[in-house]
1. Among all residue pairs at least 6 apart or on different chains, which show Cβ distances below 6 Å where the first residue, located in the stretch 76-102, is under 16 Å from GLU28 (Cβ atoms) and free of Cβ contacts under 8 Å to residues at least 60 places away in the same chain and the second is of a type in the set (A, V, I, L, M) and not in a loop (DSSP other than H, G, I, E, B)?
2. State yes or no: is GLU23 among the acidic types (Asp, Glu) and out of contact with any helix residue (DSSP H, G or I) (no Cβ under 8 Å at 6 or more places or on another chain)?
3. Does MET45 fit the bill of being over 21 Å from GLN77 (Cβ atoms) and not aromatic (Phe, Trp, Tyr)?
4. Which members of the stretch 78-117 meet the condition of being outside any strand (DSSP E or B), within 26 Å of ASP33 (Cβ to Cβ) and touching a Ser or Thr at 6+ places or on another chain (Cβ under 7 Å)?
5. Which is buried (at least 21 other Cβ atoms within 10 Å of the Cβ) and either over 13 Å from the mean Cα position of the chain (by Cα) or free of Cβ contacts under 8 Å to residues at least 12 places away in the same chain (or both), of LEU116, LEU145?
6. Considering only the stretch 11-23, I want to know if a residue exists there that is of a type in the set (A, V, I, L, M, F, W, C) and in a strand (DSSP E or B).
7. Restricting to the stretch 1-25, what's the tally of residues that are touching a Phe, Trp or Tyr at 6+ places or on another chain (Cβ under 7 Å) and under 15 Å from THR68 (Cβ atoms)?
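Just so it is clear, none of the values below were taken in a lab; they were calculated from the coordinates. The shown structure was predicted, so the numbers you read here are calculated from the model rather than taken from an experiment. No Cβ is skipped: glycine too gets one built from the backbone with ideal geometry, and neighbour counts run over all protein chains shown.
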Amino acid sequence: MQLTSAAFQAGGEIPSYYSSDGEDASPELSWKDAPAETKSFVLIMHDPDAPRRGGFTHWVVYNIASGTGHIAENVPQEERIAGVGMHGRNDGGSLGYMGPAPPSGVHRYFVRLFALDDALDLKPGATHSEVSAKMKGHILAQAELMGTYEKKDKRVA
């Protein structure tokens, strides 16, 4: 399974448009080559470099329909993303996407897509830990896209 974005390349810098320095818009994401038996997808964006135990989860989307292979840029911060799936809560406590906002230095942001053999029995607004617990034993495949970000006002000229 392959996960890509028109917004940034694997290992490259995430443009500030998708961060707290910019518009805080969610990036476009596309995927292909999921297992034929996939029933749903889960997407999680996580910063393991955040200065808190376990890092910081920026985005959780689950119960993405098996026929879906794309999430458009700047999806609304609503419980349900039309034609896609359900939003979970980020570690900031809000629904939907929360862009990179590292307090210092360069952070890595891992966008992980999981193909599952079932849909998750969760209502909109579930947390990363709730989604992860329900996914156990149901993951068929996983893809990853990592981008980096450093807060623009902290850079040395």
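1. Within 6 Å, the pairs are VAL84/ILE64; VAL84/ILE71; GLY85/VAL61; GLY85/ILE64.
2. Numbers: among the acidic types (Asp, Glu): yes; out of contact with any helix residue (DSSP H, G or I) (no Cβ under 8 Å at 6 or more places or on another chain): no.
No; evaluated as a whole, the condition is false for this residue.
3. On the way: over 21 Å from GLN77 (Cβ atoms): no; not aromatic (Phe, Trp, Tyr): yes.
The answer is no for MET45.
4. Within the stretch 78-117, the subset outside any strand (DSSP E or B) is 78-79, 82-84, 88, 90-94, 96-105, 117.
After this cut, where a residue has to be within 26 Å of ASP33 (Cβ to Cβ) as well, the list is 82-84, 88, 97, 117.
Listed by number, the residues that qualify are VAL84, GLY88, TYR97.
5. Values: LEU145 fails: either over 13 Å from the mean Cα position of the chain (by Cα) or free of Cβ contacts under 8 Å to residues at least 12 places away in the same chain (or both).
Of LEU116, LEU145, the one residue that is buried (at least 21 other Cβ atoms within 10 Å of the Cβ) and either over 13 Å from the mean Cα position of the chain (by Cα) or free of Cβ contacts under 8 Å to residues at least 12 places away in the same chain (or both) is LEU116.
6. Pass one, the stretch 11-23, residues of a type in the set (A, V, I, L, M, F, W, C): 14.
Going one step further and asking which of them are in a strand (DSSP E or B), we end up with none.
No, every residue in the stretch 11-23 fails to be of a type in the set (A, V, I, L, M, F, W, C) and in a strand (DSSP E or B).
7. Of the residues in the stretch 1-25, the ones touching a Phe, Trp or Tyr at 6+ places or on another chain (Cβ under 7 Å) are 1-3, 7, 13-15, 19, 23, 25.
So of that shortlist, the ones also under 15 Å from THR68 (Cβ atoms) come out as 1-3.
Final tally of qualifying residues: 3.
Condition check ((1) under 12 Å from the mean Cα position of the chain (by Cα); (2) assigned to a strand (DSSP E or B); (3) in contact (Cβ under 8 Å) with a residue 24 or more places away in the chain) across all residues:
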position	(1), (2), (3)
TRP31	no, yes, yes
ALA34	no, no, yes
GLU37	no, no, yes
LEU43	yes, yes, yes
GLY67	no, no, no
